[in-house]
1. So which residues in the range 85-95 are open to solvent by 70 Å² or more (accessible area, probe 1.4 Å) and part of a helix (DSSP H, G or I), if there are any at all?
2. Give just the number: which of (1) assigned to a helix (DSSP H, G or I); (2) touching a residue at least 40 places away in the same chain (Cβ under 8 Å); (3) open to solvent by less than 70 Å² (accessible area, probe 1.4 Å) does GLU81 not satisfy?
3. At least 2 residues that are without any contact (Cβ under 8 Å) to a residue 40 or more places away in the chain and open to solvent by less than 70 Å² (accessible area, probe 1.4 Å) in each: list the strands (runs of 3 or more DSSP E) lying fully within the range 1-74 that qualify.
Amino acid sequence: MKKAYLRVYSSTLGSRLEVKECLNSLREVIHWKHDLPQAYYIISEESAATLTSLIREHFGGKGRFIITEISDNKAGWLPRETWYLLKHKIRKAKE
């Protein structure tokens, strides 16, 4: 079952490009999106613990971050495409 996660990371983990390359390299990550500094939305069928282990391995245990599942109890001001991804666990088709 696909789940939506929020991953927030410190600059000690790496640059946005390095984090993006990490997510692109993980077959366990189905989709990802970012529109906030030092944060990514991740869609995966894996647990937060599994994703954490894979990311720590990729970065050699350096840096700080948190991955938390996004539940139905959420609110905020984000682009419509982000809300669609979080709700449906797929990217919205281009119109």
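1. Within the range 85-95, LYS87, HIS88 meet the criteria.
2. (3)
3. 29-36, 39-44
The values are calculated or read from the model by the stated rules, or taken from the named source; none is laboratory data. Here the structure is a predicted model, which means the values were calculated and not measured. All Cβ positions, glycine included, derive from the backbone under ideal geometry; neighbour counts span all protein chains shown. Ligands, DNA and RNA are excluded from the accessible area calculation, which covers all protein heavy atoms including side chains. Shrake-Rupley method; radii C 1.70, N 1.55, O 1.52, S 1.80 Å.
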